[in-house]
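Please read the structure below before turning to the comments.
Only the coordinates and a few stated rules stand behind these numbers; no lab work does. Remember, it's a predicted structure, so these values are computed and weren't measured experimentally. When we count neighbours, we look across all protein chains shown, and the Cβ atoms used for this are built from the backbone with ideal geometry, even at glycine.
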Amino acid sequence: MTIKPGDRLPAVDFTVTTADGPQKMAADVIFSGRKVVLFGLPGAFTPTCNMNHLPGFLLAYDDIKAQGVDIIACTAVNDIHVMKAWGKATESEGKIMMLADGNGEFARATGLEVDLSVAGMGHRSKRYSMIVEDGVVKTLNVETERGVNVSGAETIMQQLKERVGA
C-alpha cells in the first residue's frame, strides 16, 4: 500500500554524508520537528533526474526555503557514494540533503518502489515529491507518466503557498 497524506513516514535508516564520512541516520532524526520537502527519483545521474527533477529544486531553493521549509531532501535507490558524487556534480551540496536508500528500504516501506528491471535498473524509487511536517506526509505527488509532470518544484511551491493560506 502506498503512503498517503496523513500517514507518518516509516522508521527506516538512510545513509547520509557527514564530516566523518557516510553515516546511518534514522528518518525520525531527519523529519521530526521539521518541515521537509522530500523528492524521490529513480536514480542519480539518470537523464530526467539529472536534467529536470533535481535542477528544478535547485532553482527554487530560495523560494522553497522562504516558505518555512527547514530541509529540502532527495532520495534515490543509490549508494551514498553515488549520491555524494551527484550532489557535488550538480552543485547541490549544502542545499539538497542527499538521502541514500541503497537497499530500497524506504521506497518499499512507503509503497513507492518500482521495478525497472526491464531497463536494467532493478528495483528503484518512483518519481515523487512530498511535503512532510514533523514526520507526517502533508502532500504527495507521484508521477504516473514519464518525466516531471506533478512532482517538480513548481508543484511543491504551489502547495506550500496553499498550505500557508489555509
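Considering only residues in segment 104-162 that are outside any strand (DSSP E or B) and among the hydroxyl-bearing types (Ser, Thr, Tyr), the one that is surrounded by the most Cβ atoms within 10 Å (Cβ to Cβ) turns out to be THR110. Contact annotation: residue pairs with Cβ atoms under 8 Å, 6 or more positions apart or on different chains, pairing a residue in segment 141-152 that is closer than 15 Å to PHE57 by Cα with a partner that is assigned to a loop (DSSP other than H, G, I, E, B) and of a type in the set (D, E, K, R), are VAL148/ARG127; ASN149/GLU143; VAL150/GLU143; SER151/ARG127; SER151/GLU143.
Applying the set (1) touching a strand residue (DSSP E or B) at 6+ places or on another chain (Cβ under 7 Å); (2) β-branched (Val, Ile, Thr); (3) over 26 Å from ASN149 (Cα atoms) to VAL29 leaves exactly one unmet item: (1). Only one of the listed residues (ASP115, ASP62) is free of Cβ contacts under 8 Å to residues at least 12 places away in the same chain, of a type outside the set (Phe, Trp, Tyr) and within 17 Å of ARG127 (Cα to Cα). That residue is ASP115. Every residue in segment 12-57 that is of a type in the set (A, V, I, L, M), assigned to a helix (DSSP H, G or I) and surrounded by fewer than 16 Cβ atoms within 10 Å (Cβ to Cβ), please. Matches in segment 12-57: VAL29, MET51. When the test is whether a residue is within 21 Å of GLY33 (Cα to Cα) and either touching an Asp or Glu at 6+ places or on another chain (Cβ under 9 Å) or touching a residue at least 40 places away in the same chain (Cβ under 8 Å) (or both), GLY68 passes it. For segment 59-81, taking the residues that are among the hydrophobic types (A, V, I, L, M, F, W, C), in contact with a strand residue (DSSP E or B) (Cβ under 7 Å, 6 or more places away or on another chain) and under 18 Å from ASN141 (Cβ atoms), the one that is surrounded by the fewest Cβ atoms within 10 Å (Cβ to Cβ) is identified as ILE71. One residue alone among LYS84, LYS88 is over 12 Å from the mean Cα position of the chain (by Cα), surrounded by 20 or more Cβ atoms within 10 Å (Cβ to Cβ) and of a type in the set (Lys, Arg), and that residue is LYS84.
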